Amino acid sequence: MYRYEIILYWSNDDEAFIAEAPELPGCMAHGDDQEAALENIKDAMRFWIETAQELGRPVPEPKGERLMYA
């Protein structure tokens, strides 16, 4: 399990729940409900990290704290 912050919200434009991992630039996913969006972001995070490692790019360490405030 990854320990990166995940932001989950409803998008009226996309008519879906959006999940973002802001510590992994560009890493986001969507789903018809919150549970699907969370499952999809877990896959996206895994692919993001695997791809970065394959390309020899740095993978940021999770900060372990809240990054944004609403």
Within the accessible area of the chain, what % is carbon and sulfur when the probe is 1.4 Å and the other protein chains stay in place?
-> 49 percent
Cα-only Rg/Rh for the chain with Kirkwood Rh rounds to 0.99
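Roughly how many debye, to the nearest 20, is the charge dipole of the chain about its Cα centre, given +1 on each Lys and Arg Cβ, -1 on each Asp and Glu Cβ, and no other charges? Present the calculation step by step, with values, prior to reporting the outcome.
Values: 6 positive and 15 negative charges, 88 e Å.
Here the size comes out at about 420 debye.
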Hey, what angle do you get for helix 34-54 against the long axis of the chain, alpha-carbon based, 0 to 90 degrees rounded to 10?
-> 20 degrees
Quick one: if you stick a label point 7 Å off each Cα along the C-beta vector at TRP10 and GLU50, how many nm between them?
-> 3.3 nm
Highest to lowest packing among 24-33, 51-60, scored as the average C-beta count within 10 Å | 24-33, 51-60
The chain: relative contact order as a whole-number percent, Cα under 8 Å and 6+ apart | 28 percent
Solvent-accessible surface (1.4 angstrom probe) belonging to LYS42, in square angstrom, nearest 10 | 100 Å²
Average accessible area per residue (Å²) across the chain - probe 1.4 Å, nucleic acids and ligands excluded = 75 Å²
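The values are calculated or read from the model by the stated rules, or taken from the named source; none is laboratory data. Computed from a prediction, not measured in an experiment: that's the story for all the values here. So basically every Cβ, Gly included, is an ideal-geometry build from the backbone, and we count neighbours across all protein chains shown. Just the protein is used for accessible areas: all its heavy atoms, side chains included, with ligands, DNA and RNA removed. Shrake-Rupley method; radii C 1.70, N 1.55, O 1.52, S 1.80 Å.
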